[in-house]
Amino acid sequence: MTTHSPGCLLDDLGVIRFRGADTRQFLQGQLSNDIERLSPDALLRASVNTPQGRTLALMGLLADDTDVLALMPRDLIASISTLLKRYVLRSKVTLADDSAAFRIVGLRSTDAIAAGVQPGQLCRYGMQADQRRVLLQPLTTHDEVSFDMARDSWRALDIAAGIPYVAGSSSGEFVAQMLNLDCIDAISFNKGCYTGQEVIARAHFRGRVKRRMQRFVSEAPQTLVAGASGQLQDGRAFRVIDAVTRSDGRCEFLAVAPLPGAAPEATPQSTERLAAHSLPLPYPFPD
């Protein structure tokens, strides 16, 4: 039986479940945000980082009674689980891939009260101006469900909101501030130590970040994918974090690049430059 529902199926996302008496203390020492802010009705974004401050994964954390659920791309779950298990030691914490237990659905603000939405754990997805919701539906039935929103449409909203999709192509490539994690409330600068904290804090307190994720749209039809790199017309090199194709064939994308006004980077003369212009993000960069 197939039922119809509003929203977007986020089937590329999965869930790690953290369980045990020391779960929150353990996560507090591993992730970039303050776990004391965790709630059951809003995603708390936090990153897993290398000791050098480079972001390996961006999670959306959610309280589930005494457990903690972490939403993240499925292609990173195995590697991040293996990494975090190394640090459990004697802590009373277990973590497991619980993706098979849930259907993850993205909802626009009006969808959350629409007919046809099945019960589940509903939480806020974005920041203050972003009224989207995420619904975690327990998979208690094998009925098929069709949704009225395409995954690329949801991805376009993420790009407009300046929310990076950290998958295999960008995992471990950028310091947290280069992905604007400080702009989307994914870093706490007063919570104490965690892996990568020294480098991330130094970038925050001692120096301006010279390369950041920015939003662009190509001037002409173009196909870009996450992980692609190139050069803008003003000479700045870029690396794509996420991209979607508009109805007119032009590509809208998030890419890490030097901030405007930076000196052009040395590249081969044969490098073809991409004609694209900047689009605004809904948040400012820190001074």
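Along the axis of the charge dipole computed for the chain (Cβ charges of +1 for Lys and Arg, -1 for Asp and Glu, origin at the Cα centre), the listed residues 131, 58, 225 are led at the positive end by 58. Between residue 153 and residue 89, the FRET efficiency estimated from the beta carbon spacing at R0 = 45 angstrom works out to 0.55. Stretching the chain fully between residue 234 and residue 202 yields a gain of 8.6 nm (0.36 nm per residue, less the alpha carbon separation). With all pairs of different C-alpha atoms in the average, the Kirkwood value for the hydrodynamic radius of segment 179-287 is 15.4 Å. Going from the fewest other Cβ atoms within 10 Å to the most, the residues 122, 179 appear in the order 122, 179.
Hey, could you get me the Stokes-Einstein D for segment 1-70, Kirkwood radius over alpha-carbon pairs, 37 °C and 0.692 mPa s, rounded to whole µm² s⁻¹? In µm²/s, the coefficient rounds to 242.
With K and R counted +1 and D and E -1, the other residues having a Cβ less than 13 Å from that of residue 221 yield a net charge of -1. Inter-part distance, segment 202-233 to segment 7-70, computed on C-alpha centroids, equals 26 Å. Looking at the chain as a GNM with Cα springs under 10 Å, which of 39, 247, 99 has the largest mean-square fluctuation? Of 39, 247, 99, the most mobile in the Gaussian network model is 247. Fewest neighbouring Cβ atoms within 10 Å first, the residues 191, 210 line up as 210, 191. Remark on segment 2-161: Rg and Dmax equal 15.9, 48 Å (Cα only).
Here each label is just a point 7 Å from Cα along the line to Cβ, and for residue 22 and residue 220 those points are 5.9 nm apart. Around the Cα centre of segment 2-161, unit charges on the Cβ atoms of Lys, Arg, Asp and Glu (plus for the first two, minus for the last two) sum to a dipole of about 580 debye.
Relative contact order, percent, of the chain when contacts are C-alpha pairs under 8 Å separated by at least 6 residues? Don't skip to the end; give the middle numbers.
Numbers: 610 pairs, mean separation 60.2, N = 287.
RCO, the chain: 21 percent.
Provide 165, 125, 87 in ascending order of the number of other Cβ atoms located within 10 Å of each residue's Cβ, fewest first.
Ordered by Cβ neighbours within 10 Å, fewest first: 87, 165, 125.
Laboratory data are not the source of any read-out in this text; all were calculated from the coordinates shown. Bear in mind the structure is a predicted one, so any value in this text is a computation, not a measurement. So basically every Cβ, Gly included, is an ideal-geometry build from the backbone, and we count neighbours across all protein chains shown.
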